[in-house]
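Okay, structure first, notes after.
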Amino acid sequence: PLLAPMYWTTFHELWTGSKWRIFVAFGKTWFGPQWWYFPLNFVIKNPIPLLLGLLFSGAALLRRRPLVRVDLLVLAIFPCLYVLTSVSGGMNVSYRHMLPLHPFIYLCVAWGVSKCLAASRWQQWAWGLLGLWYVFGTLRLFPDELTYFNEIAGGPERAHRYFVDYTQDWGQSIKELRAYLEAHPGPAAQVVYYTHIRPELYGVQCRVISPSPGATERVSAFHPQPGRYVIGTTPLYGLVGRDPLELEWFRRATPTAMVGHALFVYEVTEQPAWVAQCITPVAPLDDAAIAQGFGLASIRRADFDCTAAWLYPSGGGQMGVYALHHAMLPLRERCLTPELLHCEPLPVDPFIRRHLSPARLSYEQRDDGLLPAFALYELPGEDVPLPEPRSVHGAPAEALPVPAAAVLTTPISLDGPLTFLGATTLTTDDALEVETWWRVTAQPEPRLFSVMAHLLTAQGETLGVADGLGVHPMVLRRGDVLVQRHRFPKPSEGVTVWLRTGAYWLDTMDRWRVVNVPGADALFVTVGW
């Protein structure tokens, strides 16, 4: 009894079913209806020449007199009702559901362009160039037109940073994947795909891993094992599978190639040799989580207090991972940047942020679960940039910091397991912050020690004491670089200041002597700000 019953039944299903749909936009997963879903799609999924043509033609139509005409009303009724219904209902069911609008868009653009072509030659040239742009922008994607995004989104190569839903990867790139693997021989590919089209049906020799349909083998979440991985856009951003963080590492890694504008290729060649965890407010990973997350039976774990010191295991010579509790990071704020429409979390403490700058954020769990919220930062296997060699005075700790003491050049060995590498100074509005750098030159014995740090005037007056050690000695290994943080009240302007540093055993309070300098058990460093 109802006109076009199939149409209205389908419309009702789409209207009521949109609340179960998800998509990714601006780096966040969205659930349910969103009114801006179709407007965003319209702006980034249509060629820019078409958008310009529609804008120009719409403005020209509004300038016509009389503005209201029966023929225009007839053409405008359906698209206006369709847009109002879709946008107000937030029917986030992919842009293909907006294709019924396109015949009306083309009629409007054709009318506007025809007026321009009859107006002047320069407008003919302008619209001719836009037409070439339109054609080239389409043909350059052949045969991957399904993945089209315009230049506003950076094309299909970069559009995933702005928008991802189920329509970009329907298995249409499997043949191109086969050609890519044949042209780039290497380890057997481990493939994650979205649809039920099995890659082996197209001659792709691979191992299918989760969350592909029916796959049970999972990748190591915190860092995959070395090998070649091929991951479709849709599963990459957590739109399939039960664990949205299963492929988090890949989302933050740089792919080697992109096949068919829908499949990302990753060549993983390294695996971490250590995990260094900040114990403030608590170490986020236990041994079981580390073993499972990295897929390694044995990996070095080094816990330290990142608010008091910084540890570079093996001096940075091996690739490793820092783990921080999410309480050390600010709330995730959004900002507009050309690269990504959200800001990455950075540590609040400038000391932590400074030493994490060579590392990249590789994994982030934003909410508490079986593990507390945390973030992982990967440090590449490169030697740590050390302080420049400088002159230091070696003398007894009770001596005044005068130039008459023995002049040494860093690095300076002590008769304990540490060698002094130098010191750096930073100032804030109300504090003087000094970092002393040390290299572990021998495996420490099970005995507690501390780093000495006293701020003195030239007359030997003590302005501040900031001894400490931000890591348990048994965590240290030979080759590690330790940066100890010392905070002092900011001295008055014009006062000559010295840092008296060294190390001592906590059980006996005996200071370590400076090697090859008789009687010297302290180092005096000039401090400037």
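Got a sec? Which residues in the stretch 256-273 would a label at residue 188 touch, if it sits 7 Å along Cα→Cβ and we count backbone N under 20 Å? Under cut-off, by backbone N: 265-270. Each residue, residue 104 and residue 390, gets one label point 7 Å from its Cα in the Cβ direction; the gap between the two is 7.1 nm.
Extending 7 Å from the Cα toward the beta-carbon at both residue 450 and residue 31 defines two label points whose distance is 5.0 nm. Against the main long axis of the alpha-carbon atoms of the chain, helix 121-139 sits at an angle near 70°.
Ranking of 145, 176, 433 by solvent-accessible surface, largest first: 145, 176, 433 (1.4 Å probe, protein heavy atoms only, all chains present).
How far is helix 174-183 tilted off the main Cα axis of the chain, in degrees rounded to 10, range 0 to 90? It is inclined by approximately 50 degrees. Would you mind getting me the FRET efficiency between residue 158 and residue 490? Use the beta-carbon distance for r and R0 = 45 Å, nearest 0.05. Here the calculated transfer efficiency is 0.45.
Pairs of Cα atoms nearer than 8 Å and 6+ residues apart set the relative contact order; for the stretch 349-456 it is 15 percent.
Taking 0.36 nm per residue of sequence separation and removing the Cα-Cα distance, the residue 286/residue 344 pair yields an extension gain of 18.4 nm. Angle check, please: helix 70-89 long axis (alpha carbons) against the longest principal axis of the chain (alpha carbons), in degrees 0 to 90, nearest 10. With rounding to tens, the tilt is 40 degrees. Taking all protein chains together and a 1.4 Å probe, the residues 69, 207, 228 rank 207, 69, 228 from largest to smallest accessible area. With contacts taken as Cα pairs under 8 Å and at least 6 residues apart, the chain reaches a relative contact order of 10 percent.
Sorting 194, 148 on solvent-accessible area from highest to lowest, probe radius 1.4 Å, gives 194, 148.
Short-range pairs are left out: with C-alpha atoms under 8 Å and at least six residues apart, the relative contact order of the stretch 121-199 is 21 percent. Taking all protein chains in place and a 1.4 Å probe, what share, in percent, of the accessible surface of the stretch 1-65 do carbon and sulfur account for? Carbon with sulfur: 74 percent of the solvent-accessible area. Computed with a 1.4 Å probe over protein heavy atoms only, the accessible area of residue 515 comes to about 60 Å².
Karplus-based coupling profile of the stretch 193-205, in residue order and whole Hz: 10, 9, 7, 8, 7, 6, x, 5, 5, 10, x, 8, 7, with θ = phi - 60° in 6.51 cos²θ - 1.76 cosθ + 1.60 and x standing for Gly or Pro.
Placing +1 on the Cβ of every Lys and Arg and -1 on the Cβ of every Asp and Glu, with no other charges, gives the chain a dipole of roughly 2240 debye about its Cα centre. One entry in [x] 35.7; [y] 24.9; [z] 23.4 is mean projected area of the Cα convex hull in nm² calculated from the shown coordinates; its label is [x]. Per residue, the stretch 47-140 exposes an accessible area of 62 Å² to a 1.4 Å probe, with every protein chain left in place.
Distance between the pseudo-spin-label points of residue 71 and residue 136 (7 Å out from Cα toward the beta carbon): 3.6 nm.
The values are calculated or read from the model by the stated rules, or taken from the named source; none is laboratory data. These numbers were taken from a predicted model, which means no experiment stands behind them. So basically every Cβ, Gly included, is an ideal-geometry build from the backbone, and we count neighbours across all protein chains shown. Accessible surface areas use protein heavy atoms only, side chains included; no ligands, DNA or RNA. Shrake-Rupley method; radii C 1.70, N 1.55, O 1.52, S 1.80 Å.
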